[in-house]
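These notes concern the structure reproduced below.
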């Protein structure tokens with residue numbers, strides 16, 4: 001059986017989307033399971049499977065709005081052909097691969113938005129309203145909210161409770177209900193990642209498929225194509241978790257602070273809830289990685305003090321990579337677009 005030429009051409013961007021998803025799986029493992037792993041509640045070997053399942057469910061159930069934003073809200077959807085979609089996804093993949101190799105959890109959403117913006121600026125078609133008035137302000141506000149909420153929870157809830165009872169791992173062994181609650185919170189975070197991060201690949205891919213197959217331009221068709229894309233893209237998150245997630249989980253789960261079970265639950269619940277809220281209500285691609293790290297820093301400051309937490313070299317490295325990776329995606333997207341245009345691919 002010979003494939004239609006259009007379907008054959010779709011294979012390349014889908015392969016790149018899977019490659020990106022593998023990198024997202026490596027990066028996203030930390031904010032979902034570093035809390036439970038840091039509290040010694042789950043073996044590393046079980047994380048990829050659980051992570052992949054929950055990401056898939058989250059994308060199917062709650063990921064359509066973010067996919068719509070990334071597929072149509074930054075670059076006009078009619079511009080997302082095979083070549084440009086491949087360039088965008090490949091640029092993001094390279095920036096995330098760099099962060100994963102350095103062992104620093106990185107925001108896929110920010111890298112994707114920067115890559116989309118680079119392509120849009122090259123063709124002078126950047127749609128600025130949602131980008132400048134919703135997406136970028138949310139990037140600054142949400143990590144601060146996560147930091148503040150966990151700092152207050154650590155200072156005014158965790159510390160008083162700590163004086164009354166010991167919430168260390170030995171205590172947790174005797175409380176199956178609390179163990180289950182911490183693990184459920186980690187699964188909840190993975191669900192939220194599915195609701196937000198899978199769209200970094202499925203959103204542009206869905207617009208590309210609709211353009212190349214000349215499907216009617218309506219939201220119903222877009223949502224259907226997104227769902228089909230998720231069937232291909234989401235399982236790669238579990239593969240990425242297995243291949244690339246170990247170092248990142250160790251970095252976040254062990255090197256910033258030692259988690260207690262109560263701290264782990266607070267971190268997981270707050271970050272997942274904030275991300276899920278903006279995913280469902282606004283369709284904003286946000287950074288759970290930064291939310292999670294902000295929450296970890298907040299509860300760490302409450303428990304150990306500001307100076308001790310912010311003086312750590314790991315924390316300083318996070319700031320540098322967070323700034324560099326999206327810029328790398330932006331520059332690569334422009335450079336690849338220029339190159340493709342010069343050789344007649346666009």
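The values are calculated or read from the model by the stated rules, or taken from the named source; none is laboratory data. Note that the coordinates shown come from a computational prediction; the quantities given were computed from them, not determined experimentally. Reconstructed Cβ throughout: ideal geometry from the backbone, glycine too, with neighbour counts over all protein chains shown.
Kindly indicate which of 131, 178, 183 is modelled with pLDDT under 90 and farther than 22 Å from residue 59 by Cβ.
Details: 131 fails: modelled with pLDDT under 90; 183 fails: farther than 22 Å from residue 59 by Cβ.
Exactly one of 131, 178, 183 is modelled with pLDDT under 90 and farther than 22 Å from residue 59 by Cβ, namely 178.
Kindly indicate which of 147, 191, 114 is at pLDDT 95 or above, more than 30 Å from residue 342 (Cα to Cα) and surrounded by 17 or more Cβ atoms within 10 Å (Cβ to Cβ). Exactly one residue qualifies, and that residue is 191. Taking the stretch 40-54 as the range and being in contact (Cβ under 8 Å) with a residue 24 or more places away in the chain and assigned to a helix (DSSP H, G or I) as the test, the residues that pass are 44, 47, 48, 49, 50, 51, 52, 53, 54.
Kindly provide the set of residues from the stretch 203-222 that are surrounded by fewer than 16 Cβ atoms within 10 Å (Cβ to Cβ) and in contact with a helix residue (DSSP H, G or I) (Cβ under 9 Å, 6 or more places away or on another chain), ordered by number. Let's see the steps before the verdict.
Residues of the stretch 203-222 surrounded by fewer than 16 Cβ atoms within 10 Å (Cβ to Cβ): 213-221.
213, 215, 216, 217, 219, 221 - these are the residues of the stretch 203-222 that are surrounded by fewer than 16 Cβ atoms within 10 Å (Cβ to Cβ) and in contact with a helix residue (DSSP H, G or I) (Cβ under 9 Å, 6 or more places away or on another chain).
Scanning the stretch 279-310 for residues being assigned to a loop (DSSP other than H, G, I, E, B) and within 20 Å of residue 92 (Cα to Cα) gives a total of 5.
Restricting attention to the stretch 194-222, and to residues there that are in a loop (DSSP other than H, G, I, E, B) and within 22 Å of residue 92 (Cα to Cα), which single residue is modelled with the highest pLDDT? Step through it out loud before you land on a result.
First, pick out the residues of the stretch 194-222 that are in a loop (DSSP other than H, G, I, E, B): 197-198, 213-218.
Cutting the leftovers down to within 22 Å of residue 92 (Cα to Cα) gives us 197-198.
Working: 197: 93, 198: 96.
Among residues in the stretch 194-222 that are in a loop (DSSP other than H, G, I, E, B) and within 22 Å of residue 92 (Cα to Cα), the one modelled with the highest pLDDT is 198.
For every residue, the table says whether it meets (1) in contact with a helix residue (DSSP H, G or I) (Cβ under 8 Å, 6 or more places away or on another chain); (2) on the phi > 0 side of the Ramachandran plot; (3) modelled with pLDDT under 90.
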site	(1), (2), (3)
270	yes, no, no
276	yes, no, no
282	yes, no, no
290	yes, no, yes
302	yes, no, yes
315	yes, no, yes
320	no, no, yes
332	yes, no, no
335	no, no, no
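If you check residue 225 against the conditions, is it touching a helix residue (DSSP H, G or I) at 6+ places or on another chain (Cβ under 9 Å), assigned to a helix (DSSP H, G or I), surrounded by fewer than 23 Cβ atoms within 10 Å (Cβ to Cβ) and modelled with pLDDT of 95 or more? Judged against the criteria, residue 225 is a match. Within the stretch 245-260, restricting attention to residues that are within 18 Å of the chain's Cα centre (by Cα) and surrounded by fewer than 22 Cβ atoms within 10 Å (Cβ to Cβ), the residue that is modelled with the highest pLDDT is 246. Of the residues making up the stretch 21-39, at least one is farther than 14 Å from residue 195 by Cα and outside any helix (DSSP H, G or I).
Apart from one condition, residue 44 fits all of (1) surrounded by fewer than 23 Cβ atoms within 10 Å (Cβ to Cβ); (2) modelled with pLDDT of 85 or more; the exception is (2).
How many residues does the stretch 104-143 hold that are part of a helix (DSSP H, G or I) and in contact (Cβ under 8 Å) with a residue 40 or more places away in the chain? If you could, list the steps in order and put the result at the bottom.
Of the residues in the stretch 104-143, the ones part of a helix (DSSP H, G or I) are 108-122, 128-143.
Next, only the ones that are in contact (Cβ under 8 Å) with a residue 40 or more places away in the chain stay: 108-122, 130-131, 134-135, 138-139, 142-143.
Count: 23.
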